[in-house]
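Read-outs: derived from the displayed coordinates by stated rules, not from any lab. Because the structure is a prediction, the values reported are computed rather than measured. Cβ placement follows ideal geometry from the backbone for every residue including glycine, while neighbour counts extend to all protein chains displayed.
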Amino acid sequence: MPHWLLLALAMIVCCAATFVIILVVQRRIGPDDDPSGTPDVIEYMTMMIGVVYAIVLGLAIAGAWEARGAAEATVRTEAQALHEISERSAVFPAADRQRIGESIDAYVAHVVRTEWSTMADHGRLDDRTGQLFGAVRTAVLAGEPRNELQGQAYAPMADRIAIADEARTDRGAAAQPTMPAVVWFGLIGGAVVSIGMVFALQIRRTARELTVAGLYCALFTFLLFLIWDMDAPFSRGMAIGADAFLAHFPQAG
């Protein structure tokens, strides 16, 4: 199911549930009930709960977005490090250059074609890719420099291997959802409490009040869905693609 359709259905269901609850509550209220008699303390509590929850919601969105940005930067770092290794290997003999290039191409192709779907479906790295990265490391470190130019290229290539390895590890860690379960409990519970306080204000069935209540629920649904969508950087609707690898290694596609 497309994510935009899932979001639309979730918003419709939440709004419909709110409308039904309002209608049921109104049927149980006697005709002599006066909504203007709502104590001021309830209005104050509703305002404070809304403010506190808005702050928490904003921090959650910022955290999810920052985690997604860090995961995207990790992908670019890994791809750039491998590209630098491939470019710097040009000063080595043809046999060493071919060995390094073939190992990098095999690794990148497996990452793009296989590991990316593994991260999206299972939230982890592919075991085969680890073996292919080991082959890249072996190919790079096995090439002994025979002149000063090769010596100047060898050390940065070894450093790029370490950088790519670290970036790969970080990419694997980012493949799993980043938001702890206790945070989700607080976000969902806060939304329920915030919406529930609307009923404490004895909302009526006028078109204006029903519209406000519906928009209130739709907004919370959208924001929670946005956090959920960004929580897994390599899957769901806002998934990070392998564009950084394909930009340097188009043949891997």
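Observations, loosely collected:
- Relative contact order of segment 103-253, defined on C-alpha pairs under 8 angstrom at six or more residues apart (%): 34
- Taking a ≥ b ≥ c as the square roots of the eigenvalues of the Cα gyration tensor, the chain is prolate, since a/c reaches 1.5 or more and a/b is larger than b/c.
- For the options 182, 140, 212, a Gaussian network treatment of the chain with springs between C-alpha atoms closer than 10 Å singles out 182 as fluctuating the most.
- Shape class of segment 110-253 from the Cα gyration tensor (axes a ≥ b ≥ c, square roots of the eigenvalues): prolate, since a/c reaches 1.5 or more and a/b is larger than b/c.
- Helix content alone sets the calculated 222 nm mean residue ellipticity of the chain: runs of n ≥ 4 DSSP H residues at -39500 (n - 2.57) each, divided across all residues, give -26500 deg cm²/dmol.
- Across the chain, the relative contact order, built from alpha-carbon pairs under 8 Å that are at least six residues apart, equals 38 percent.
- Between segment 56-135 and segment 140-155, the Cα center-to-center distance that results, in Å: 23
- Remark: the chain carries a charge dipole of roughly 460 debye about the Cα centre, counting +1 on each Lys and Arg Cβ and -1 on each Asp and Glu Cβ.
- Karplus-based coupling profile of segment 173-188, in residue order and whole Hz: 5, 6, 5, 8, x, 9, 8, x, 4, 5, 5, 4, 4, x, 5, 5, with θ = phi - 60° in 6.51 cos²θ - 1.76 cosθ + 1.60 and x standing for Gly or Pro.
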